[in-house]
Amino acid sequence: MTQLRIAILVGSLRRDSINRKIARSICALTHDRLDCFMVEIGDLPLFNQDAEQNPPEPYRRFRAEIAASDGVLFCTPEYNRGVPGGLKNAIDIGSRPYGESVWDKKPAAIISASPGAIGGFGANHQLRQACVFLNMPVMQQPEAYLGHVKDDSFDADGCLVDGPLRDVVMKLADAFADWVEIIDRSRRLLAEDAAHAALQAAE
Ligand code: FNR
């Protein structure tokens, strides 16, 4: 089977972001099943509806990368109990012009990580709320509010060190690969059924 292409968006622009390190770990842990690639959001100008008909080049690049993916993984911190502004900006850019959203029907998962105890729950659910409107089937379980994540959760190369966090991230990576594969397979079967029904109707 051809590997599904997964766009990964990281909600933090920080060089040593723990969320980026977790995103990279997911890429590594799923590389035999998924073809993951990072989609950068730091160069996107603030969304301005006036630019919808003549979008700046970074908007075009961003939309094309999401459109070319089979699924989306969000790894984000929580800022002031919500989604970081840069990530929300990217979501808004991808959602327009009206009727041409690049998010539509893309299977997704949301991981939030924080040094704090709540694990970015607020940002995670704010993002889920946007995904409902954007018609993205988001993996429901396992939920991924990763709390108490610290710099020493990673080695000098940014890889997760052995321990409970690595075990949880491995489970999440497997579940996400299952999720996007199941949705892809279901869509193919439905398309085959529809084609078969059309043939029968024509006979
Ligand atoms: C934070 N941080 C934070 N943490 C949290 O659990 N809940 C929150 O609401 C906030 N709010 C917040 C606002 C702003 C502006 C900053 C800069 C930080 C702390 C945050 O979780 C911590 O800095 C993480 O390390 C950020 O994630 P990255 O950059 O390491 O991926």
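The values are calculated or read from the model by the stated rules, or taken from the named source; none is laboratory data. Computed from a predicted model, the values in this text were never measured in an experiment. No Cβ is skipped: glycine too gets one built from the backbone with ideal geometry, and neighbour counts run over all protein chains shown.
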Flag for THR30 being within 16 Å of the ligand (Cβ to nearest atom) and hydroxyl-bearing (Ser, Thr, Tyr): no
Looking at the stretch 118-143 only, could you name the residues that are surrounded by fewer than 20 Cβ atoms within 10 Å (Cβ to Cβ), away from the ligand (no atom under 16 Å from the Cβ) and within 23 Å of MET170 (Cα to Cα)? ARG128, PRO137, VAL138, GLN140, GLN141, PRO142
ALA109: assigned to a helix (DSSP H, G or I) and away from the ligand (no atom under 16 Å from the Cβ), yes or no? no
Residue pairs meeting the criteria (Cβ under 8 Å; at least 6 apart or on separate chains; first more than 20 Å from ASP16 (Cα to Cα) and touching a residue at least 24 places away in the same chain (Cβ under 8 Å), in the stretch 111-125; second surrounded by fewer than 18 Cβ atoms within 10 Å (Cβ to Cβ) and of a type in the set (Lys, Arg)): GLY122/ARG81
Here are some residues: PRO58, PRO107. Which one is in contact with a strand residue (DSSP E or B) (Cβ under 7 Å, 6 or more places away or on another chain) and touching a residue at least 12 places away in the same chain (Cβ under 8 Å)? PRO107
Matching residues, the stretch 131-183, being in a helix (DSSP H, G or I) and more than 21 Å from ILE6 (Cα to Cα): ASP151, ASP152, SER153, PRO164, LEU165, ASP167
With the condition being in contact with an Asp or Glu (Cβ under 9 Å, 6 or more places away or on another chain) and at pLDDT below 95, I'd like the helices (runs of 4 or more DSSP H) fully within the stretch 1-103 carrying at least 1 qualifying residues. 18-29
Just name the residue that is nearest to the chain's Cα centre (by Cα) out of those in the stretch 87-106 that are under 23 Å from THR30 (Cα atoms) and surrounded by fewer than 24 Cβ atoms within 10 Å (Cβ to Cβ). TRP103
Say whether the condition of being under 25 Å from PHE121 (Cα atoms), surrounded by 15 or more Cβ atoms within 10 Å (Cβ to Cβ) and within 14 Å of the chain's Cα centre (by Cα) is met by at least one residue in the stretch 78-86. yes
In the stretch 2-15, is there at least one residue being under 27 Å from ILE183 (Cα atoms), without any contact (Cβ under 8 Å) to a residue 40 or more places away in the chain and not basic (Lys, Arg)? yes
Listed by first then second residue, the pairs whose first member lies in the stretch 75-100 and is closer than 18 Å to PRO56 by Cβ and hydroxyl-bearing (Ser, Thr, Tyr), whose partner is modelled with pLDDT of 95 or more and within 15 Å of the ligand (Cβ to nearest atom), with beta carbons under 6 Å and at least 6 positions apart or on separate chains, are none
